[in-house]
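Report on the following structure.
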Amino acid sequence: MGEPLLSIDDLHVKFSRSEDEVYAVNGVSFTIDANEALGIVGESGSGKSVTLMSAIGLLRENGKITSGTANFQGQNLLKLRPKQLEDIRGRDIGVVFQDPMTSLNPIMRIGDQIMEAMLTHHYAGRKEAFERTLQLLHEMGIPDPKSRFKSYPHEFSGGMRQRIMIAIALACEPQLLIADEPTTALDVTVQMQILALLQDLRRKRGMSVVMVTHDFGLATNFCDNIIVMYGGQIMEKATTDQFIREAAHPYSLGLKRSIIEVGHKGKEILPIPKTAKTLTAALTGCPFADRCNYTTDRCRQEVPQLRAFGTNHELACHHAEEVACYVR
Amino acid sequence: MAIVKFISKRIIQIIITLIMVITVSYIMMYYSPGGFMHTSTMATALAPLQGQNPVLYQEVMNQFQSRYGLDLPLWQQIAKYIWHELTFDFGNSMQNPSLQIAGQLKQALPISVMLAFGSVLLSVIIGVPLGIIAALKRNSWVDYVVSTVSLAGQAIPAFVLAVIMVLLFGVVFQGILPVTGWGNWKQAILPIICLSAANIGVVARYMRGSLIETLRSDYIRTAKAKGVKYWPMIMKHGVKNSLTAMITVLGPQFAFTVMGTIWVEQIFAIPALGQVMQTAFTSFDYPLAITSVFLLGSMIMILNLLVDIIYAFIDPRVKL
Amino acid sequence: MASTVTATQSPDSAVSKQRRRSQFYQGWKRFKRHKLAVIGLVWVVIFCIAGVIGPWVAPYDYRTGDFLAINQGPTWTHIFGTDNVGHDMFSQILYSIRSALIIAVGATLVSFIIGIILGLWAGLRGGLADIIIMRAVDFMMTLPGFLFALILVIMLGRGYLSLILAIGIPGWAGYARLIRSLVLSMRDGEMVEAARALGASQAHIARRYMLPNVVGSMGVALAFGIPGDLIQIAGLSIFGMGLRPPIPSFGSMIAQASENVLGFPWLLYFPAGIFAITLLSFLFVADGLQEAFSPKGGN
């Protein structure tokens, strides 16, 4: 394999609040290759979106990247000036956000919103951009593109709006698409349609996709590789196949169980106990220790580092071997 | 045409509101103790005459009452009055029966309209950019000045400001700008500034808040993700959207401005609607009073209608 | 080091009376951070005290003028000067404060009481009552209350009570709308729903969730209402429709003085200055309250 398309190394991000600080991302490293579909799975607040948003300069105002690098095509995105990042966003990296109801400008015709991406980057001239917009709308499965060009977002359903969002993200044929919970706000059937569309587009265009989601099942269906995040750290990282077969981090197991068992009648759903906490200080132990069934004193005193656990499989748990034995 | 339908619907609403205004004010004035609207008050006033010359008394009563339609039942009086007002047939003053109200208003009304619309325009032209700057440079000195001035503008009514202006330009900087009367454009400057000052602050404050809110919205994030440059993003996505949010609050604010004109006219001694109203109200000249209330209400509602039309043009979600 | 991982406020954390009291205390603390609001509060307090004790500390009667000293600038005997009939301006202002306060507080209360009654009616009854009341609210809100006040003054006259009613009656719409929305948000509010779902008792819900919210919103509305009414009173006086002379008022002093501002500008300095500072102070206080107590307040 050649150079990875995007490689994030030892990223740390903090948010300052009125009284304290939130440690959102605490040393995350991963790479994504050309043509790869990577799934980043975790609960809300696990730092999965923040990781990617900070790489492309879309962090909220109160967020601060304290250390790390994000190399994309030989440039460290974190060191670029805002203007240089503007050139990369939309042209080389496209983004689809979670809520299509609020992510489109309500008072701008959707055609103009798609065209804007191309015109901003001088990707196409006015006429060409218009033609391409129609083609994109068609490709996204929006009937009658010519008349829909002039419609406003409120005239579309949620699913259709998400298709428009995808069209915007893909307008300049980026090499990397970041899909931040792209189907969370949609109905189940629409979710499937959007996923199928994304899958299809990825194959046709040969682009890489990072799918950020809390839906473990969705990630395993769509992605080649999976990263599980918790407390701003990577808990486990593996190919999808391996992950399904031999995930051994207690948190991943919890995630897996919570979807697998829902389907079985009569069986009790086993959620992960308690809710996630917000980190307001640097970690001194495993972030999952409070909710884990296997916690020992060591977990509370020593931060587990990501380590190899078989081929193409890494995890951060002191007791993974025992857990694996116990589960199997 | 949707827009025609929208406007005609709103005009009907306005007319209904005006009918209610006329009805309420007519009834209240009919039962007021001062003046001659009610037969009994008229009778009390003319009581001495009744003793001396009953025939003349009856004649005066009849003549007066039939001239102003006071001999009819109340509801007919009101209906007649509404019809006259809506067809701009204002009749004659009660204090100076020879004076036509329309003639009196011919000079006064345009001045008031000009003052009101001029100050609304000025406050938008200055307030919107100020608000944008305050929002983009949050917590800078511009921001503090805007928020303090707008608070002060909200607190200090136009007439107090007018008084301060009179002091400043009448005493301290004598001779730079005229502080009384009406006739040339220079005399419009101070009144319009007084009327706009509060609005500039309010418009700027709303614009600031609205833009800050808008810039936090998801579609701004989408624009950033598209790589849209800073100023196009602010103007096309931020400002345009925050204008829609701001416009809705402007209506009531401008109503207050129109009201403010009649105060400011008093201080600057401008012969406009305010002075007509003062004469009408202090001398119990009911036809004149109701007509001026009617015109003031119309001005406010036409201004609101204009705001709504602009709103509908900017925001496609508004159903016409 | 103890556990460095701390929980943010979770919904089931224990709530007690202490917490509720501390909500007001927290509000007061936030209010105190607002320098302008505190300065405003000091002025408002001085203004109110002056209104109450005015007649006892005023050096001169408001009715009688000193004909030997007309149109004087500030001197030791008349610290704010005298007007064209020799009234001592300092005493005039003290009496004006009194009359302005009586009418403003009275009118605000009248508006507030009508607003509470109609707002509760609309919010609790719903249905036709709600529709009619809200239509009336819309009608009242389209036109400035001052217009109605003018007409009411004609009908009611120009005494204290008449002015209180004339300014108070048209002002109900805003309060009614506020009360109605509070009622509705309380009935179907998510917070109350959540509390109920957690098994909180009715009384507890009322105390813990409704009371601070209601008191905060109403306090803010009243704080904004009083300066608004002060403006209307002065506006009526400028129009020659305020309190009958010889009772002094800010509006009539301002209107009179502005007629001869070139000759005797000091007659304007004190009334206009004090009036403007008072309005500003009330507004700063209201603004401070809003940021301190309103649930959505602040930037």
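Report the antiparallel proportion of the DSSP beta bridges in the protein assembly as shown as a percent, rounded to a multiple of 5. Given both bridge residues lie in the protein assembly as shown, the antiparallel proportion sits at roughly 65 percent.
Restricting the chymotrypsin sites (Phe, Trp or Tyr not before Pro) of the range C:81-120 to loop positions (DSSP other than H, G, I, E, B) with no more than 15 neighbouring Cβ atoms within 10 Å leaves nothing. Cross-link partners of A:LYS146 among aspartates and glutamates, defined as those whose alpha carbon lies under 19 angstrom from its own and excluding same-chain residues fewer than eight positions apart: A:ASP112, A:GLU116, A:GLU128, A:GLU131, A:GLU155. Average 1/r across all pairs of distinct alpha carbons in the range A:129-250, invert it, and you get the Kirkwood radius: 15.9 Å. Placing +1 on the Cβ of every Lys and Arg and -1 on the Cβ of every Asp and Glu, with nothing else charged, gives the protein assembly as shown a dipole about its Cα centre of roughly 440 debye.
Per residue, the convex hull spanned by the Cα atoms of the range B:161-257 measures out at 132 cubic angstrom. Residue by residue along C:148-158, Cβ atoms of other protein chains within 10 Å of the local Cβ number 6 on average. Ordered from highest to lowest accessible area with the whole protein assembly present and a 1.4 Å probe, A:GLU314, A:GLU322 read as A:GLU322, A:GLU314. Using a probe of 1.4 angstrom and keeping all protein chains present, the accessible surface of the protein assembly as shown works out to 46 square angstrom per residue.
Take each residue in C:238-245, count the other chain C-beta atoms within 10 Å of its C-beta, and the mean is 4.
Ordering A:LYS14, A:LYS83, B:LYS106, B:LYS186 by accessible surface, largest first, gives B:LYS106, A:LYS83, B:LYS186, A:LYS14; the 1.4 Å probe counts only protein heavy atoms, with every chain in place.
Axis angle, to the nearest 10 degrees, between helix A:250-260 and the longest C-alpha principal axis of chain A: 60 degrees.
Considering only B:TYR30, A:LEU104, B:GLY153, and ranking their Cα positions along the charge dipole of the protein assembly as shown that arises from unit charges at the beta-carbon of Lys, Arg, Asp and Glu, the one farthest toward the positive end is A:LEU104. Chain B packed on chain A takes about 2100 Å² of accessible surface away from a 1.4 Å probe, both sides summed.
Once neighbouring chains are kept in place and the probe is 1.4 Å, which whole percent of the accessible area of the protein assembly as shown is contributed by carbon and sulfur? Within the protein assembly as shown, the accessible surface is 61 percent carbon and sulfur.
For chain A, the longest principal axis of the alpha carbon atoms and the long axis of helix A:158-170 meet at an angle near 80°.
Cross-link pairs exceeding 18 Å in C-alpha to C-alpha distance, out of A:LYS48/A:LYS237; B:LYS80/B:LYS106; A:LYS64/C:LYS29; A:LYS127/A:LYS150; A:LYS83/B:LYS226, comprise B:LYS80/B:LYS106; A:LYS64/C:LYS29.
Taking 10 Å² as the minimum loss, tell me which residues in the range C:262-276 lose that much accessible area going from the chain by itself to the full protein complex (1.4 Å probe). Residues meeting the cut-off: C:LEU262, C:PRO265, C:LEU268, C:TYR269, C:ALA272, C:PHE275, C:ALA276. Remark: accessible area buried at the B-C interface is about 3700 Å², both chains counted, probe radius 1.4 Å.
Exposed loop sites here are chymotrypsin sites (Phe, Trp or Tyr not before Pro) assigned a DSSP state other than H, G, I, E or B and surrounded by at most 15 other beta carbons within 10 Å; excluding them, the longest clear run of chain B is B:186-320. Working note: Cα gyration tensor of the range B:90-191, eigenvalues times five, square-rooted, sorted largest first, giving semi-axes of 36, 18, 12 Å. Rounded to two decimals, the Cα-based Rg/Rh of the range A:13-146, with Kirkwood Rh, is 1.01. Listed by number, the DSSP H helices of chain B that run 15 Å or longer by alpha-carbon position along their axis and have mean Kyte hydropathy of at least -1.0 are B:2-30, B:54-67, B:74-86, B:101-136, B:141-155, B:186-215, B:240-268, B:286-314. The alpha-carbon atoms of the protein assembly as shown define a convex hull whose volume equals 225 cubic angstrom per residue. A cut-off under 12 angstrom between Cβ atoms defines the neighbours of A:GLY63, and their net charge, with Lys, Arg +1 and Asp, Glu -1, is +2.
The values are calculated or read from the model by the stated rules, or taken from the named source; none is laboratory data. What you see is a predicted model; the values in this text were computed from it and never measured. Because the Cβ atoms are built from the backbone with ideal geometry, glycine has one as well, and the counts that use them run over all protein chains shown. Keep in mind that these areas ignore ligands, DNA and RNA; they rest on the heavy atoms of the full protein, side chains included. Shrake-Rupley method; radii C 1.70, N 1.55, O 1.52, S 1.80 Å.
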